[in-house]
Amino acid sequence: MKEDKTFNIRTMGCQMNERDSETLAGMLTELGYVHVDDPKKADVAIINTCSVRDNADKRFFGTLGQLKKVKEQRPGFIVCVCGCMMQQQTVIDELKAKYPWVDIVFGTYNIHEFPALLQKVSLEKEKIIDVWDSPGGIIEGLPHERRYSFKAFVNIMYGCNNFCTYCIVPYTRGRERSRRPQDIIAEARRLAADGVKEITLLGQNVNSYDGGECDFAGLLYMLNGVPGIERIRFMTSHPKDLSERLIQAYRDCGKLCHNIHLPVQSGSNAVLRRMNRHYDREKYLGIVRKLRDAVPDITISTDIIVGFPGETERDFQDTLDLVNEVKYDSAFTFLYSKRPGTPAAEYEDQIEESVKHERFGRLVDAVNTHAAEKNAAMIGRRERILVEGPSRHNKETLTGRTDGFKVVDFAGPDTLIGGFCDVEITEGKTFSLKGKLL
Ligand code: 5AD
Ligand code: SF4
């Protein structure tokens, strides 16, 4: 019997990349390939890269180096690299110079071409570098191999127009393009028919979605009417585009989860200005207040960058103050990382690594204190959980998420996986909760 050909995809970075990897996996499955966990045992290995911070860059070259030995032992092994890093000429130059054995290099704009590139390489045994420098139209109807049967990502827009001065994304993912509302609704209906209960709408800046007559809030109202979909989430939203209509949608749309990821980046107005964020701390705090007025139990998470060029101790204190005022449920904290080609990389007043790390430590302490307090305050509450599978920490227990996106571990039968159940929260930790099945 002829054995199936196999593939492995290593995904770095954000949910956009994860979604792109689902597309790549979908295309490979259609070609008859089967997924394997170990890239060294695969016929085709793909690394889907991220360039948002420099540690991702470093990890990429490390991972790629590990595949070199496999390639030497097994010349038929096909190595493909794609994703945000490939949209940077310096990376392509480095690949050509030091990694000429890589078979296929493609970018974020031509993922749909992957099957053709793979076929060409398989037949002609030549290396291909095919990176577009700007997006073509949005391609509908690509296959996806989803990780979960009961929850799914749905892209609603691609790219970003904001040019935050620290960020590489507008250069690697191009200008904003929104999918047509009817295509998004049709996808949601198909997913619901397939048993999906929760969708997460994806975009770099979802609330600047522009579907012609339909804005982001309008899209939420429409999706709220799709039978079978029980929960709607989205990420990421930008405070400058957070409209009254969106806040009203939280009141009106029963399926919209009581949770928002609202990156603040800094609590200092001077830093926010130099980051080109188009809001100040007062406006941000006003939005948080309005959201909490509209949805008292809303959970709020954020992204914060420490050590942006020119950040003084005073600026950093403003960030700490803001964190202590908002009391986030959780926060992703990042050390500022210089991204070549972005304006902030050229700023003269870069912050010393030791100062960045010291501030980072204080910020993480504050964030964790609030996260633990918020979670402890949930003890005794009854929560509806979408059960995802066995817990990562303890295979004997199940894990799932509350409407507010908090992880809850609890004991229960495997038959609950993929469905909803009610639990009582019995313990609150910094990053998760424990519960008892009701
Ligand atoms: N340095 C550090 N953090 C960054 N982010 C984006 N670019 C950088 C950078 N150059 C963070 C922002 C963003 C998140 C996805 O990554 O906080 O919201
Ligand atoms: Fe980057 Fe800013 Fe766009 Fe987010 S909004 S992707 S941080 S440029």
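Roughly how many whole Å is it from the C-alpha centroid of the range 67-139 to that of the range 227-255?
Cα centroid of the range 67-139 versus Cα centroid of the range 227-255: 38 Å apart.
Heavy-atom accessible area of residue 327 with all protein chains present, probe 1.4 Å, nearest 10 Å²?
So the heavy atoms of residue 327 present about 80 Å² to solvent.
Based on Cβ point charges of +1 for Lys and Arg and -1 for Asp and Glu, what charge dipole magnitude is obtained for the range 127-201 about its Cα centre, in debye rounded to the nearest 20?
160
State the percentage of accessible surface on the chain attributable to carbon and sulfur atoms; use a 1.4 Å probe and exclude ligands, DNA and RNA.
Here it works out to 51 percent.
Any of 290/327; 406/434; 127/338; 283/356; 255/283; 41/68 with alpha carbons more than 21 Å apart? Name them for me.
Pairs exceeding the cut-off: 127/338; 283/356; 255/283.
Could you put 72, 358 in order of accessible surface area, largest first, with the 1.4 Å probe and the full protein assembly present?
My answer, sorted largest first, is 72, 358.
Gain in length, residue 303 to residue 420, computed as 0.36 nm per residue apart minus the alpha-carbon separation, to one decimal in nm?
Here the answer is 39.2 nm.
Given a Förster distance of 51 Å, report the FRET efficiency between residue 349 and residue 384 from their Cβ-Cβ distance, rounded to the nearest 0.05.
Using R0 = 51 Å, I get an efficiency of 0.55.
Any chance you could list the semi-axes, whole Å, largest first, of the equivalent ellipsoid that the Cα gyration tensor gives for the range 47-112, using √(5λ)?
19, 14, 11
Tell me the per residue accessible area of the chain using a 1.4 Å probe; a whole number in Å² is fine.
Accessible area per residue: 45 Å².
Given a cut-off of under 8 Å on Cα pairs at least six residues apart, what relative contact order in percent is computed for the chain?
10
Sorted by accessible area with a 1.4 angstrom probe, largest first, how do 252, 210 fall?
Largest accessible area first, the list is 210, 252.
Would you please put 259-272, 330-343 in order of how densely packed they are, using the mean number of other Cβ atoms within 10 angstrom per residue and starting with the highest?
Averaged packing, sorted descending, gives the order 259-272, 330-343.
Just grab the label-to-label distance for residue 289 and residue 362, each label 7 Å out from Cα along the Cβ direction, in nm (one decimal).
2.6
About the Cα centre of the chain, how large is the charge dipole given +1 on each Lys and Arg Cβ and -1 on each Asp and Glu Cβ? Please answer in debye to the nearest 20.
Using only the charged Cβ atoms, the result is roughly 500 debye.
What value, in deg cm²/dmol to 500, does the helix sum -39500 (n - 2.57) over DSSP H runs of n ≥ 4 give at 222 nm once divided by the residues of the chain?
Result for the chain, helices only: -11000 deg cm²/dmol.
Calculate the dipole size of the range 209-249 relative to its Cα centre from +1 charges on Lys and Arg beta carbons and -1 charges on Asp and Glu beta carbons; express the result in debye to the nearest 20.
200
So for the range 187-273, averaging the separation of alpha carbon pairs under 8 Å that are six or more residues apart and normalising by length, what relative contact order in percent results?
Rounded, it is 31 percent for the range 187-273.
Let me check the size of the range 302-389 from its C-alpha atoms; what are the radius of gyration and Dmax in Å?
Values for the range 302-389 (Cα only, Rg and Dmax): 16.5, 52 Å.
Could you give the spread of the C-alpha atoms of the chain along their three principal axes, from largest to smallest, in whole angstroms?
Principal-axis extents of the Cα atoms in the chain, largest first: 62, 57, 47 Å.
Once you have a ≥ b ≥ c as the square roots of the Cα gyration tensor eigenvalues for the range 9-130, tell me rounded if a/c is under 1.5, and otherwise prolate or oblate according to whether a/b is larger than b/c.
Judged from the Cα gyration tensor, the range 9-130 comes out rounded (a/c under 1.5).
The values are calculated or read from the model by the stated rules, or taken from the named source; none is laboratory data. These figures come from a predicted structure and were not determined experimentally. Reconstructed Cβ throughout: ideal geometry from the backbone, glycine too, with neighbour counts over all protein chains shown. Surface accessibility is based on the protein's heavy atoms, side chains included, excluding ligands, DNA and RNA. Shrake-Rupley method; radii C 1.70, N 1.55, O 1.52, S 1.80 Å.
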